[in-house]
Each structure stands twice: as C-alpha cells, then as structure tokens.
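One structure is given below, encoded as structure tokens.
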Amino acid sequence: MAMSMSKRFGSKDQAALFLSFYAMVGWRVEPMRSCASNLLRGFESGLSIGDAHSAFHSTLQHIRFAFYSGENLQKILKDIDYYLGLMAEYNNEMVKNFMLIHRETLSTLFDKGEASSIDEKAVYANANGSDICNADDQHFLTSYCYKIVQSFWLGHHERCNHQMGNLPLNRSMIHLNEIWIRFYFGMNALQLLRKNGLAAQVKIYEESIAILIDAEENSSGSFRNKILLMKAELMSIDRVRGAEEMYDAAIDAARMNGFVHEEGLAYERAAHHYLNCYNVDKTLFLLEKSWQYFMLAKNCYQKWGSKMKVNSTDRELEKLWANDMQQFRTSILPGGM
C-alpha cells in the first residue's frame, strides 16, 4: 500500500497522505506495526520537504501505533525523546503535550518512572480543573485514556473503573483510540467481576466485546487476540469448560500479530486461571501450569521492556513458591532440594 501511494502521488503530498491514511484508516487493511513504520516514513518525508505540520503530527501517530503494536518500551521512549528534541530545535510545539502524555505513560509501564522520567511533564488538567472528562477537549480526552491504561497495567482496577466512568466516548466508535480503549474497559470489568460479581461489570464487558467484534470484522486481525482473551476470562469466571483452549488461542493470536505485551497479558491471566483451578482441585498439574505460564508471561514482558510488569510477575512467582513450597520441591526442581 505504501509503495502504491508513493508511486501515485508526488513527494510534495506524500507526508500528508501517509499521515491521513495510516493514522485514520490504514489499520483496517494493514497490521499495526506496518502502520507505525509508514507513519515514520511520513515523518521523514515531511521533514525532508519542510512540511512541519505533517512531520510532527506523524511523530505522534508513529508513537501511538508503536505502543499499540507492542514495540519495546525503551525503544519507544528513545524515539519520543528524539522527537521532543527536534520539536525544541524547530521551535514547534503543536503536538508536544500529547507526546509528553505518551511519554509519561510509557515511562510508568517501563519502570514506574523511577529512572526513565524526565523533568518536563504533560499538563493533564482541563481548563476548569474538573476531574470529569470533557468530550470536546481532545487533549484531556487523550490524557484520560492513558490514565486508564496506566491504572489497568498497574493493577489498580478500582481506580481504573472510576476513571472509565468519567470518560465520554463516541458510541459510533469511529476512531481507533476509542476502540482500543474498549479492550481495557472490558478486561478491567472482568477483573472486578471476578472480585465482586457486580452485574454492572457484565454490561461493560458486553458493550466492550461487541465493539471489538465489530471492529475485527473491518480490520486486518488486530482485535482477534483481545476478543479471545476476554472470552477466556469470562469462561474462567463462569467455570465453563474450554477456558484453557481459549487462553491458548488468545496467546497464539497475539503472537501472530506481534503483540508481545498482550501475549504476556494472556499468559498472565491464564496463569491465574490455573492457580484458581488448583486452589479448588489441588491437582499438582494445575500448579505446574500456573508456574509455567507465569514464566512465559515474564518472558514476554521482558521482550516488551516493561521492568514494572517483570517485577510484578516475579512477585507472583515468589508468592506461588512460598505458598506451595513442598509441591515445587518434588515437581519442578531436579532431584528436589
């Protein structure tokens, strides 16, 4: 598609065309990672011909799609810092605050900002200082979406639920960002449903998965793994036979798309499923599967570059070891201890 556009249109229009196509509709026909690569090309093209508007807007979309597609967090942070440096050099701040919002989110997922944060921070408050998101304020809408993402990955599910309630969304779901955030809506609702069984969470799940299914019918496969994982989680909560196969299908679909972060999440949730089954059945095989899947989740999170999630998974493994030490001595360690 990119090659066809390059041949059809001159270099003068190429940056703007790459931006409008790959940021708005390209994800329907090409993988997320391909969109990210072509948005990078749009940035380079725009910079080379002096089209600063297209170039710097392409940087923001490049970072967004790189994050969606599960690229290494440390690499994306380096790209953001490079772009911020160019913005300072060109005295162009049209997307700077949006870029800082992305940076703070990625820094949180990388190491909770402990060593990766920078002094310059994004401005999150809207004009009137309200905690309620204004649907007409694109900056505040974006910042609120990324607050939800941070809360989910940090495991702050009650906070995430509160933030979700303050976020107005376009019910037609035209924009990719609004579809993407629905995955976090649905997954967070399932975590709370498992915890407290509230019917309101079922409604959030049903609305979210319906939107993702509709999006999957008109995309290049970017939502299949998300749908499968949400289905697996509900099957696990309801103790329906076949949840294990559904988790594995979600893992395979994430791997096929290169979504290493969501592959890790699927492994992690499957590990919790096996652990919950073990707590009922006390079958050693289930305990071993939980350990195995936590280890596979950790491997994915290492590839993603999230020290925060690696440390979180290590704590789950330590807890599993501490609570079931005797079983592991005879089953996992060669020759016992």
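The values are calculated or read from the model by the stated rules, or taken from the named source; none is laboratory data. The shown structure was predicted, so the numbers you read here are calculated from the model rather than taken from an experiment. Heads up, the Cβs are rebuilt from the backbone with ideal geometry, glycines too, and the neighbour counts pull from every protein chain shown. Ligands, DNA and RNA are excluded from the accessible area calculation, which covers all protein heavy atoms including side chains. Shrake-Rupley method; radii C 1.70, N 1.55, O 1.52, S 1.80 Å.
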| request: Anything over 28 Å Cα to Cα? Flag those among Lys282/Lys303; Lys112/Lys319; Lys78/Lys289; Lys78/Lys112; Lys96/Lys195; Lys195/Lys309, in the order listed. | output: Lys282/Lys303; Lys78/Lys289; Lys96/Lys195
| note | Within the chain, excluding any trypsin sites (Lys or Arg not before Pro) found in a DSSP loop (not H, G, I, E or B) and having at most 11 other Cβ atoms within 10 Å, the longest uninterrupted segment runs 1-170
| field | Within the chain, longest stretch clear of exposed GluC sites (Glu not before Pro) (DSSP loop, no more than 14 other Cβ within 10 Å) | value | 121-337
| request: Would you mind telling me the share, in percent, of accessible area of the chain contributed by carbon and sulfur at probe 1.4 angstrom? | output: 52
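On average, how much accessible surface per residue is there in the chain, in Å², for a 1.4 Å probe, leaving out ligands, DNA and RNA?
Accessible surface, normalised per residue, equals 46 Å².
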| task | Report the chymotrypsin sites (Phe, Trp or Tyr not before Pro) located in region 153-249 that are in a DSSP loop and have at most 12 other Cβ atoms inside 10 Å of their Cβ, or state none. | result | none
| said: For region 148-226 and region 276-306, what is the centre-to-centre distance using only Cα atoms, to the nearest Å? | reply: 24
| note | Scalar couplings 3J(HN,Hα) for region 225-231 by Karplus 6.51 cos²θ - 1.76 cosθ + 1.60 (θ = phi - 60°), nearest whole Hz, x for Gly and Pro, are 5, 5, 4, 5, 5, 5, 5
| request: Quote the Stokes-Einstein diffusion coefficient, in whole µm² s⁻¹, for the chain, based on the Kirkwood radius over alpha carbon pairs, a temperature of 25 °C and a viscosity of 0.890 mPa s. | output: 116
